[in-house]
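Asks: Below you will find the structure I want to go over with you.
Since every read-out is calculated from the coordinates, none of them should be taken as a lab result. Worth saying up front: this structure is predicted, and the values here are computed from it rather than measured. As a convention, Cβ positions derive from the backbone with ideal geometry for all residues, glycine included, and neighbour counts pool all protein chains shown.
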Amino acid sequence: MKEKPGIATAIPRRRYRLGEFTITVLGEIESTDGRTYRYIAAVICGQDPEPGMYITAEPGSHGQRGEFELRIIMQDGAEVIDHAERWSDLDAFVEEVIKIVSRVLQLTDETPYQLM
């Protein structure tokens, strides 16, 4: 994965099961890639040890104070999909992550279950 987040340390904040996928949301992230992350959601399929998708909340790069970028990272690259202050809030971030994962992985019939 080209733009995989470099995670030195992080604290797991939430974990969900969505179909055969596990979504782990990390906070208090110390990165090794020069980026600042508020949250990182790592999406893992089954027993695969490597996430196949990440969704991150990062302080905005285009100068808006308090604004965070919502970025999706997959095998074929990364894209900023939204900018908003609300991505600094854990509940709002998690709610959007579940919507994105459901849509991208076509899991709209699955119900997310919080594991942690």
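Asks: Just subtract the alpha-carbon distance of Met116 and Glu95 from 0.36 nm times their residue separation and send over the number in nm, one decimal.
Replies: Gain in length upon complete extension: 6.1 nm.
Asks: Springs between alpha-carbon atoms under 10 Å, Gaussian network over the chain: tell me which of Val104, Val25, Val80 tops the mean-square fluctuations.
Replies: Between Val104, Val25, Val80, it is Val104 that shows the largest mean-square fluctuation.
Asks: Also: Using a Gaussian network for the chain with springs between C-alpha atoms less than 10 Å apart, which of these wobbles most: Ser31, Ser88, Ser61?
Replies: The residue that fluctuates most here is Ser61.
Asks: Taking Cα atoms, how many degrees apart are the long axis of helix 90-104 and the longest axis of the chain, rounded to 10 and kept between 0 and 90?
Replies: Value to nearest ten degrees: 60.
Asks: How much length, in nm to one decimal, is gained on full extension between Leu107 and Gln47, taken as 0.36 nm per residue of separation minus their Cα-Cα distance?
Replies: So the chain would gain 19.8 nm between Leu107 and Gln47.
Asks: For the chain, which span is the longest to avoid every loop-located (per DSSP) member of trypsin sites (Lys or Arg not before Pro) having at most 11 other Cβ atoms inside 10 Å?
Replies: Between the exposed loop sites, the longest stretch runs 3-64.
Asks: Rank Ile55, Ser102, Gly77 by how far each Cα sits towards the positive end of the charge dipole of the range 7-107 (+1 on Lys, Arg Cβ; -1 on Asp, Glu Cβ) and give me just the farthest.
Replies: It is Ser102, whose Cα lies furthest towards the positive end.
Asks: Taking the chain as a Gaussian network, Cα atoms linked when under 10 Å apart, which of Thr36, Thr22, Thr56 shows the biggest mean-square fluctuation?
Replies: Of the options given, Thr36 has the highest mean-square fluctuation.
Asks: Would you mind calculating the relative contact order of the chain from Cα pairs under 8 angstrom and at least 6 residues apart, reporting the percent as a whole number? Please report the intermediate quantities before stating the final value.
Replies: On the way: 245 pairs, mean separation 27.5, N = 116.
Relative CO of the chain lands at 24 percent.
Asks: Which entry is the computed semi-axes √(5λ) of the Cα gyration tensor in Å for this structure: [x] 19, 17, 14; [y] 29, 13, 12; [z] 21, 16, 14?
Replies: [z]
Asks: List, in order, the whole-Hz ³J(HN,Hα) value for each residue of the range 37-47 obtained from phi through the Karplus relation with A = 6.51, B = -1.76, C = 1.60 and θ = phi - 60°; use x for Gly and Pro.
Replies: 10, 7, 9, 10, 9, 10, 10, 10, 9, x, 9
Asks: Could you work out [θ]222 nm for the chain from helices alone, using -39500 (n - 2.57) per DSSP H run of at least four and dividing by all its residues? Round to the nearest 500 deg cm²/dmol.
Replies: Values: 1 runs with 15 residues, N = 116.
Calculated at 222 nm, the ellipticity per residue is -4000 deg cm²/dmol.
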